[in-house]
Number of protein chains: 2
Amino acid sequence: MPELDIGEVARQSGLRPSTLRFYEERGLIASTSRHGLRRRFEAAVLERLALISLGQAAGFSLDEVRSMLSRDGTPRIDRRLLTARADALDVTIRRLTAMREGLRHAAACPAPNYLECPTFRRLLKVAARRRRSSR
Amino acid sequence: MPELDIGEVARQSGLRPSTLRFYEERGLIASTSRHGLRRRFEAAVLERLALISLGQAAGFSLDEVRSMLSRDGTPRIDRRLLTARADALDVTIRRLTAMREGLRHAAACPAPNYLECPTFRRLLKVAARRRRSSR
DNA sequence: GCTTGACCTCAAGTCGACTTGAAGTCGCAG
DNA sequence: CTGCGACTTCAAGTCGACTTGAGGTCAAGC
């Protein structure tokens, strides 16, 4: 079982060496030994990095991701946390969908002034409401 | 036509006074006069602030928003820009939707180990691919 | 034996969108 | 006239996720 150089991990994961050092410092991954100064990683780190990227793509912060990954690599995940994140994504998706429709409409709308277009005005209100509630 | 104090604009827009000053400094809004030291805003600034929030919600940066708003308040918008943003949103929405489904599945998946679940493995690959291409 | 290039550490910088803090100015109610 | 609270400026701080830079180490190939 060959250990990997940081450069090799970078190549295979698509992440930069600086990112890998940063992740190690933040406790997200661990190098298993050193060869002189140089870190060596077990191949399993690649799986773990994939999990980290997945967590990020799902909207978790690095701190949250770390708390979801146990030392051995297999995540022991709180299902309620996943469901909550799924719900949050759902809200985001709805908002973005409305925005996308609005943009397409605005791009095609024949109204001389955007402010006169009902669809546009509805969007304005939605944006204002969101801004208000996120304060 | 009464002019508004910064506090009044803040109250009506849901933004903080500090944000309004910041926006003015960045050229997104303009105060029309001063009462002593104090800025006065025309009521029309509220409409403009709504447009700014809308632009942000659609994913434009403040710099982009500024370039889309002419001095008089009515945006002269490049329709191609809107369409491009709509397309970008579409990509994001698809990705988030896949993620949401994946999360819901993971929350319900009976597989003893996430890594053995085909749905989960598919997600892992998607995340890895994205990471790779965004480099 | 020397060069090269991949690695190392640690501190500081970056980006966007604001916020915060210190120190000062004003207008208006009492 | 005094006090208070809402405003002012300007510089610096915050947050998350990294990146960059300076200065140093080390193994392998020529």
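The values are calculated or read from the model by the stated rules, or taken from the named source; none is laboratory data. Computed from a predicted structure; not experimentally measured. Every residue, glycine as well, gets a Cβ built from its backbone with ideal geometry; the counts of neighbours run over all protein chains shown. Ligands, DNA and RNA are excluded from the accessible area calculation, which covers all protein heavy atoms including side chains. Shrake-Rupley method; radii C 1.70, N 1.55, O 1.52, S 1.80 Å.
A few remarks follow.
- Here is the tail figure for the protein assembly as shown: Cα pairs spaced more than 36 Å apart come to 35 percent of all pairs.
- Using a 7 Å Cα-to-Cβ projection, A:ALA30 label spacings across copies, nm, ascending: 6.1
- In chain B, the ratio of gyration radius to Kirkwood radius, Rg to Rh, stands at 1.21 when only Cα atoms are counted.
- For B:SER70, the distances from its label point to the matching points in the remaining copies are 6.4 nm, ordered from shortest, with each point set 7 Å beyond Cα toward Cβ.
- Within the shell of other residues whose beta carbon sits under 10 angstrom from the beta carbon of A:TYR23, the net charge comes to +2, with Lys and Arg scored +1 and Asp and Glu -1.
- Gyration tensor (alpha-carbon) shape descriptor, region A:82-133, a/c threshold 1.5: oblate
- Sorting B:ARG80, B:ARG85 by accessible area puts them as B:ARG80, B:ARG85; the probe is 1.4 Å, largest comes first, and only protein heavy atoms count.
- For A:ASP5, the residues whose amide H sits under 5 Å from its own are A:PHE41, ignoring neighbours fewer than 5 places away on the same chain, with H placed 1.01 Å from N.
- What a 1.4 Å probe finds exposed on region B:33-135 is 52% carbon and sulfur by accessible area, rounded to a whole percent.
- Estimated from helical segments only, the mean residue ellipticity of chain B at 222 nm is -20000 deg cm²/dmol, where each DSSP H run of four or more residues counts as -39500 (n - 2.57).
- Degrees, to the nearest 10: A:44-57 long Cα axis against longest axis of chain A: 10 degrees
- Heavy-atom SASA rank of B:ASP78, B:ASP90 (probe 1.4 Å, accessible area, largest first): B:ASP78, B:ASP90
- Using the Karplus relation 6.51 cos²θ - 1.76 cosθ + 1.60 with θ = phi - 60°, the per-residue 3J(HN,Hα) values for region B:74-86 come to 6, x, 9, 9, 6, 5, 5, 5, 5, 5, 4, 5, 4 Hz, with x marking Gly and Pro.
- Of all beta-carbon atoms in chain B, the one sitting closest to the axis that brings chain B onto chain A gives B:ILE93, 3, with the distance in whole angstrom.
- Shape class for region A:4-68, computed from the alpha carbon gyration tensor (a ≥ b ≥ c): prolate, with a/c not under 1.5 and a/b above b/c.
- Debye, to nearest 20: dipole size of region A:86-129, +1 on Lys, Arg Cβ, -1 on Asp, Glu Cβ: 100 debye
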